[in-house]
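Trainee: Before I ask anything, let me first share the structure, which is written out below as structure tokens.
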Amino acid sequence: MKSETSKVDQSITVNYRTCPLCEATCGLEIHTKGQEVVHIKGDKLDPFSRGYLCPKGYSLKELHSDPDRLTKPLIRRGENWQEASWEEAFSEIRMKLRPIIENDGKHAVGVYLGNPIVHNLGLMLYMPMFLRSLGTKNIFSASTLDQIPKQLSSEFMFGSDSNLSIPDIDRTDYLVMIGANPLASNGSLMTAPNMRGRLKSLQERGGKFIVIDPVRTVTAKQADEHHFIRPGTDALFLFGMVHTFFAENLVNLGHLTDSVHGVEDIEKVSRDFAPELVGPKCGIPAETIRSIARELATTPKAVVYGRMGTCTQQFGTMNSWLIDVINVLTGHLDSEGGVMFTNPATRRTQTKKARKPRYNRFQSAVRNLPEVLGELPTSSLAEEIESSGPGQIKAFISMAGNPALSAPNSERLNKALEKVEFMVSLDCYLNETTRHADVILPAPSPLERSHYDITFYSLAIRNIAHYSPAVFDLPKEHKDEWETLLHLTAAISDQEIKGDITQTVDDVMIKEIIKHEAKNENSPIYEKNVVEVMGLLNERRGPERLLDFYLRVGPYGDHFGKNPDGLTLAVLKDHPHGMDLGALQPRIKDSLQTPSGKIELAPSVLIADVDRLKETMNSHSDHFLLVGRRDLRSNNSWMHNLPVLVKGEDRCKLWLHPVDAKRIKLQAGDQALVQSRTGQIEVPVQITEDVMPGIVSLPHGWGHNLPGIRLHVAEQNAGSNVNILTDEQVIDTVSGNAVLNGVPVRVEKAVDTSIGSVTTNALQEK
Ligand SMILES: Nc1nc2c(c(=O)[nH]1)N[C@H]1C(S)=C(S)[C@@H](COP(=O)(O)OP(=O)(O)OC[C@H]3O[C@@H](n4cnc5c(=O)[nH]c(N)nc54)[C@H](O)[C@@H]3O)O[C@H]1N2
Ligand SMILES: Nc1nc2c(c(=O)[nH]1)N[C@H]1C(S)=C(S)[C@@H](COP(=O)(O)OP(=O)(O)OC[C@H]3O[C@@H](n4cnc5c(=O)[nH]c(N)nc54)[C@H](O)[C@@H]3O)O[C@H]1N2
Ligand code: SF4
Ligand SMILES: [Mo]
């Protein structure tokens, strides 16, 4: 699987490859010499990123050569880790997992799926089969620490969570950005490299963008307007705008007039939220709310976009819903410069069969929380491990996830993970989560696997397709993760599977997928013979064959001969810098999958939730409210072991407004003791007017000071884990999503500053 290359000099090979680290999908130009990376820069010929990259793109060099990165399976033997062969590791897993499944049933196995899965072609393509064969309802993921509210509101409104509305930022003239900081995060649910450049272009063409955030972020500083908002009050702000549309006769569905259900219901519920009433609660003057609403309604190309900050709070689903309600009421949904639906190259043809929302089909055992899109809230993971009784999780599999740092009340989760009878991790590090495992299966370096951003091209602001071959051959003794998933599938199976698993199971799986597709009367291969299609596919196994299949039946595909000039994997390989398939086009009629065939503007579950908003409207608290913070050189919890990303000043600091600092007698550099219902940490203070008074901010993903980890660089600069403070009991009750922002905390000067940044709870553990 050597990459397409062009020779610059005798010894250097130039490889073109999409960066798999964040949602921006930048094209990289990677210079290698033998098995070493010499240099990484942005690929100027990539039609999407045009040479842009951030410091993390460059860090792939250090990630590839990180001596702490695992390359061999590890099996726990008493207190020690033993390197093992893959055969030993899989047979250990089978020996320990099968009895648990046989005695306690399939739901006794819990799974946690982490964020890097969506950046990994093999894991994305092979995970559904693995989860189906496991059959557990105890599936948890980073989605319920992040965007599931948006997925759920889209499932209700548009009939599917694959219909996420994406802001058309290259063509809009007016952007209201709520709870997002793309200049640090590089954008989310809005795949677009070089956000700084794109936002600048928006301004240069006479447009305007407004940021609504309790922090004056780097993005807010570039914006035309920034308004501080009190954390957790976005739904009031959004309802204030909806109210204004109706009160001032600004509703204009435009081209959507015949496609919307429930406008009257929205009008009715919005009556109680006049800007004059909600303004003081969210800290934004009524007149500002009205004027933003007016500008949104009267600018032909305008859009509201909300992200992390709007999802990870108690009204996450309501916010996600109201954002799309506003885009619909102003006629900006499915319209150029508004929010649009993508048409990715691997999009599956819909069966046109409308289905009910995938919601609340089962509940969690302890708190009875509703299932959302096949999974349960990660905020309930610890209790599902702790509480004995039917459905208790006894065995646990973590895949590309670090919930021991990423999930709320991580102290409780760490204790719970100690209790599971048997745990397997698929990961590249021995870290805060995988230290609890009994078997760790190593993931290859990102440069040793091929790549195609199946997820992010479905969230991109243009239709893009870019296939990257592996930069380095995978060493023989290693396994790519799709192979590992096939072996794991075999390991949990009730019958022992003999022979070459990566051949046999892979063939069975793809046959099933083709058979299913051939039954869909809207598919270009409807009623086609499965064996014939198999014969026409790329002769490779694994992700390449499956990707080729999806590309060929997709909207631009060759449709196995019906559209001979169409897309195949071979065509993509002839475009090493990637292909731009054009700007987003209106496609609502083709996208909607609701039973009514219309946009459901007022889903009953969401309308019913409005009472909860009213109940909290007058609540007061004398606590500080803690919000999160991302930094360009971070990637959640797992890249702090790379010197290029952690050198320089300590970034795990508590931001505090000068007025507050004076009041509680804290000075820059002091250690603050921060306490919440769930725990306490000590962190150094940074005083800044960039946070709203009453608000404090801390980044997540730090706290690399736990015993048993193997992260030699990260340990030097451990920082404190903010999720010791976040509360697993406080959730968005509709989606079960974690509340990671607006967490009530007390802040005071730490008594003993000699403790440094070590968390007090971690000290107890040591
Ligand atoms: N450098 C870097 N990039 C990343 C990541 C990373 O860790 N580091 N993580 C990746 C991941 S997994 C994701 S999901 C994306 C997230 O990408 P973004 O959504 O852009 O995430 P953040 O930068 O956390 O921005 C969230 C903003 O919400 C604000 N906020 C907090 N509470 C509230 C509130 O109640 N209301 C409002 N209106 N705002 C609020 C915060 O102050 C913050 O500025 O980033 C991705 N990219
Ligand atoms: N307080 C607070 N908490 C947060 C957030 C916040 O803003 N504030 N953000 C939340 C968000 S948006 C998210 S998405 C979650 C992320 O939560 P998680 O997904 O649980 O955490 P990550 O830090 O992304 O951990 C990724 C894990 O995958 C491993 N890994 C990396 N690459 C690969 C690979 O290719 N294969 C395999 N098998 N493993 C790999 C890493 O070593 C690491 O163990 O965190 C959430 N937690
Ligand atoms: S912005 Fe994201 S995709 Fe681009 S180089 Fe940085 S981490 Fe990679
Ligand atoms: Mo995320």
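Trainee: Students often forget the sequence filter, so: which lysines lie under 21 Å Cα-Cα from K515 once same-chain residues fewer than 8 apart are removed?
Mentor: K352, K353, K528, K562
Trainee: Given Cα pairs under 8 Å that are at least 6 residues apart, what percent is the relative contact order of segment 620-757?
Mentor: 35 percent.
Trainee: Run the simple label-point estimate for T298 and S91 please: 7 Å along Cα→C-beta, distance reported in nm.
Mentor: Result: 7.7 nm between the two label points.
Trainee: Here's something else I'd like to know. Would you work out the relative contact order for the chain, in percent, from Cα pairs under 8 angstrom that are 6 or more residues apart? The partial results should precede the final answer.
Mentor: Working: 1739 pairs, mean separation 142.7, N = 766.
Relative contact order comes out at 19 percent.
Trainee: Something else now. Which ordering of F341, F396 is given by a fewest-first count of other beta-carbon atoms within 10 Å?
Mentor: The order, fewest Cβ neighbours first, is F341, F396.
Trainee: Compute the FRET efficiency between S621 and D170 as 1/(1 + (r/R0)^6), taking r as their Cβ-Cβ distance and R0 = 51 Å, and round to the nearest 0.05.
Mentor: 0.80
Trainee: Let me ask something else about it. Measuring from label point to label point, each 7 Å out along Cα→Cβ, what is the D611 to T351 span in nm?
Mentor: It works out to 3.6 nm between the two label points.
Trainee: Same structure again: Obtain the nm distance between the two label points defined at N368 and R98 by a simple spin-label model: each point lies 7 Å from its Cα along the Cα-to-C-beta direction.
Mentor: According to this spin-label approximation, the distance is 3.9 nm.
Trainee: Cβ under 13 Å from Y126's Cβ, Y126 left aside: what net charge do those residues give with Lys, Arg +1 and Asp, Glu -1?
Mentor: Surrounding charge for Y126 is -1.
Trainee: Going 7 Å from the Cα of S201 toward and past its Cβ, which residues in segment 564-584 have a backbone nitrogen under 13 Å from where you end up?
Mentor: Those under the cut-off are 582-584.
Trainee: Turning to a different aspect of this structure: For S697, list long-range residues whose amide hydrogen, built 1.01 Å from N in the peptide plane, is under 5 Å from its own amide hydrogen.
Mentor: For S697, whose amide H was placed from the backbone, the distant partners under 5 Å are V627, W655.
Trainee: Let me ask you something else. With n ≥ 4 as the cut-off for DSSP H runs, can you work out [θ] at 222 nm for the chain, using -39500 (n - 2.57) per run divided by the number of residues, rounded to the nearest 500?
Mentor: Calculated from helices alone, the mean residue ellipticity at 222 nm is -9000 deg cm²/dmol.
Trainee: Using the Karplus curve 6.51 cos²θ - 1.76 cosθ + 1.60 with θ = phi - 60°, what ³J(HN,Hα) values do you get for each residue of segment 711-724, in whole Hz, with x for Gly and Pro?
Mentor: With coefficients 6.51, -1.76 and 1.60, one gets 9, 5, 6, 4, 4, 5, 9, 5, x, 10, 8, 4, 6, 5 Hz.
Trainee: Let me ask something else. For each of W321, W638, count neighbouring Cβ atoms within 10 Å of the residue's Cβ, then give the residues from fewest to most. Please list the in-between numbers first.
Mentor: Values: W321 30, W638 27.
Going from least to most buried by this count: W638, W321.
Trainee: Cross-link candidates for K281: which aspartates and glutamates have Cα within less than 12 Å, leaving aside residues fewer than 8 places away along the same chain?
Mentor: Partners within reach: D234.
Trainee: If amide hydrogens are placed 1.01 Å from N in the peptide plane, which non-local residues have theirs closer than 5 Å to the one on M340?
Mentor: I166, D168, D334
Trainee: Over segment 1-117, what is the relative contact order in percent, taking alpha-carbon pairs closer than 8 angstrom and at least six residues apart?
Mentor: This gives 12 percent for segment 1-117.
Trainee: Fewest Cβ neighbours within 10 Å first, please rank S604, S388, S637 accordingly.
Mentor: S388, S604, S637
Trainee: Something else: So who's got an amide H within less than 5 Å of the one on V38, skipping anything under 5 residues away but keeping other chains? H placed 1.01 Å off N, in plane.
Mentor: Placed amide hydrogens put H31, T32, K33 under 5 Å from V38.
Trainee: Give the calculated FRET efficiency between R76 and S11 to the nearest 0.05, with a Förster radius of 25 Å applied to their Cβ-Cβ distance. Walk me through the numbers on the way to the answer.
Mentor: Working: r = 42 Å, r/R0 = 1.70.
About 0.05, to the nearest 0.05.
Trainee: How much of the DSSP beta bridge set in the chain is antiparallel, as a percent to the nearest 5?
Mentor: Percentage antiparallel, nearest 5: 50.
Trainee: What list of ³J(HN,Hα) values in whole Hz, one per residue of segment 578-594 in order, does the Karplus curve 6.51 cos²θ - 1.76 cosθ + 1.60 (θ = phi - 60°) give from phi, with Gly and Pro shown as x?
Mentor: Karplus-based 3J(HN,Hα) across segment 578-594 equals x, 10, 9, 9, x, 6, 5, 10, x, 8, 4, 4, 7, 9, 4, 10, 6 Hz.
Trainee: Let me ask you something else. Which lysines have a Cα lying under 29 Å from the Cα of K44, excluding residues fewer than 8 positions away in the same chain?
Mentor: Partners found: K2, K7, K33, K56, K61, K200, K208, K221, K573, K647.
Trainee: Rounded to the nearest 0.05, what FRET efficiency do T504 and N360 give with R0 = 41 Å and r taken as the Cβ-Cβ distance? Could you check?
Mentor: 0.60
Trainee: I'd like the Karplus ³J(HN,Hα) series for segment 636-651: coefficients 6.51, -1.76, 1.60, θ = phi - 60°, whole numbers in Hz, and an x wherever there's a Gly or Pro.
Mentor: 3J(HN,Hα) across segment 636-651, in whole Hz: 6, 9, 10, 10, 7, 9, 9, x, 4, 9, 10, 5, x, 5, 4, 9.
We did not get these values from a lab; they are worked out from the coordinates using the rules stated. Just so it is clear, the model here is predicted, and its values are computed rather than measured. In this analysis, Cβ positions are derived from the backbone assuming ideal geometry, glycine residues included, and neighbour counts consider all displayed protein chains.
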